[in-house]
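Asker: Structure in C-alpha cells, see below.
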Amino acid sequence: MAVTPPKTAHVPRPPRSAAPVSLKARAIAALARRDYSRKELHKKLVGFAQSEQALEDVLNLLEAKNLLSNARFADAFVHQRQARFGHARLLYELEQHGLDPELIQTQKKHLHETENERAFAVWAKKFGTAPINTYEKAKQIRFLVARGFSPRSIAGLRLGISRPLTVRHPKLRATSHITVGLPCGQSGSLKPACYHF
C-alpha cells in the first residue's frame, strides 16, 4: 500500500515591492496616450516631483526631444473639438492651457475661416428646422452662444421664425417653408425669392 506524503501548507510569497516610477517615465506614459500642453502636464506631474526644478528639467527634456509640444497639442485640441464648438470657446480654452499668443492667433485664423460652416453644422445637428416662435428662436440662439459661436456667425444662419408662406410664388406652394441657413436663391433645385418673417 503506497503511502501518501503529507500535504504541506501553501505559504504565499511576499508581494514584490513595486519599483518607483521615475518622473520622466510618468510623463512619457501620459504623452503616449494623448498630447498635453506643458501647463497641463506640469499640473498632472507636480504631485510626483521631488522639486519644482526637477519637474521643469523633465519638461524641458521632453520639449527638446519633441515629445512635448504646445503647437501639436493646439492642433490636436482644435481638430478634436472644432466640430462642436465656436472659436470664442475654443480660443478661451487654449488660453487656459497657457499657450503662446502666436499659437492662439494661428488657430484663431483657421477657426475664423470655418466659423460659419461649423455654426450651421452644429445648428442643423441639434435642431434642423427653423424656430416656430420667438421662444424657440431664443432657445436656438442661446444654444449656439453657449457653444462659443460669434454673433456674426449666428446672424448668418438667418434664424427667422418659420411659418407657411402667405404669398404666391410660381415655383412654390402656399404652404412651403423657406429653408433656413441657405443663401437666397439656393434651396435645392428651386430658386425662391427671399421672404423674411
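The values are calculated or read from the model by the stated rules, or taken from the named source; none is laboratory data. Since we're looking at a predicted model, the values are computed, not measured. Reconstructed Cβ throughout: ideal geometry from the backbone, glycine too, with neighbour counts over all protein chains shown. Ligands, DNA and RNA are stripped out before the accessible areas are found, and what is left, the full protein with its side chains, is counted by its heavy atoms. Shrake-Rupley method; radii C 1.70, N 1.55, O 1.52, S 1.80 Å.
Asker: I'd like the residue in the range 87-115 that is over 26 Å from Leu159 (Cβ atoms), touching a helix residue (DSSP H, G or I) at 6+ places or on another chain (Cβ under 6 Å) and in a helix (DSSP H, G or I) and, out of all such residues, is least open to solvent (accessible area, probe 1.4 Å).
Answerer: The extreme case among them is Leu94.
Asker: For Ala71, are the conditions met, namely being closer than 22 Å to His42 by Cα, under 14 Å from the mean Cα position of the chain (by Cα) and either of a type in the set (Phe, Trp, Tyr) or open to solvent by less than 50 Å² (accessible area, probe 1.4 Å) (or both)?
Answerer: no
Asker: Can you work out which of the residues in the range 121-146 that are without any contact (Cβ under 8 Å) to a residue 24 or more places away in the chain and part of a loop (DSSP other than H, G, I, E, B) is surrounded by the most Cβ atoms within 10 Å (Cβ to Cβ)?
Answerer: If we take residues in the range 121-146 being without any contact (Cβ under 8 Å) to a residue 24 or more places away in the chain and part of a loop (DSSP other than H, G, I, E, B), then Phe127 is surrounded by the most Cβ atoms within 10 Å (Cβ to Cβ).
Asker: Failed condition for Arg81, given (1) under 17 Å from Tyr36 (Cβ atoms); (2) open to solvent by 80 Å² or more (accessible area, probe 1.4 Å), with all others met?
Answerer: (2)
Condition check ((1) in a loop (DSSP other than H, G, I, E, B); (2) exposed (fewer than 10 other Cβ atoms within 10 Å of the Cβ); (3) of a type in the set (A, V, I, L, M, F, W, C); (4) at pLDDT 95 or above) across all residues:
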| residue | (1), (2), (3), (4) |
| --- | --- |
| His10 | yes, yes, no, no |
| Ala18 | yes, yes, yes, no |
| Val21 | yes, no, yes, no |
| Ala54 | no, no, yes, no |
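Asker: Does Arg118 count as in a helix (DSSP H, G or I), open to solvent by 80 Å² or more (accessible area, probe 1.4 Å) and either among the acidic types (Asp, Glu) or more than 21 Å from Ile28 (Cβ to Cβ) (or both)?
Answerer: Criteria not met by Arg118.
Asker: What is the one condition in (1) at pLDDT 95 or above; (2) not in a helix (DSSP H, G or I) that Gln50 does not satisfy?
Answerer: Answer for Gln50: the failing condition is (1).
Asker: Let me ask you something else. May I ask you to list pairs of residues, at least six apart or on different chains, whose Cβ atoms are under 7 Å apart, with the first in the range 92-107 being without any contact (Cβ under 8 Å) to a residue 40 or more places away in the chain and the second being open to solvent by 40 Å² or more (accessible area, probe 1.4 Å)?
Answerer: Hits for this filter: Leu103/Ala71; Ile104/Glu95.
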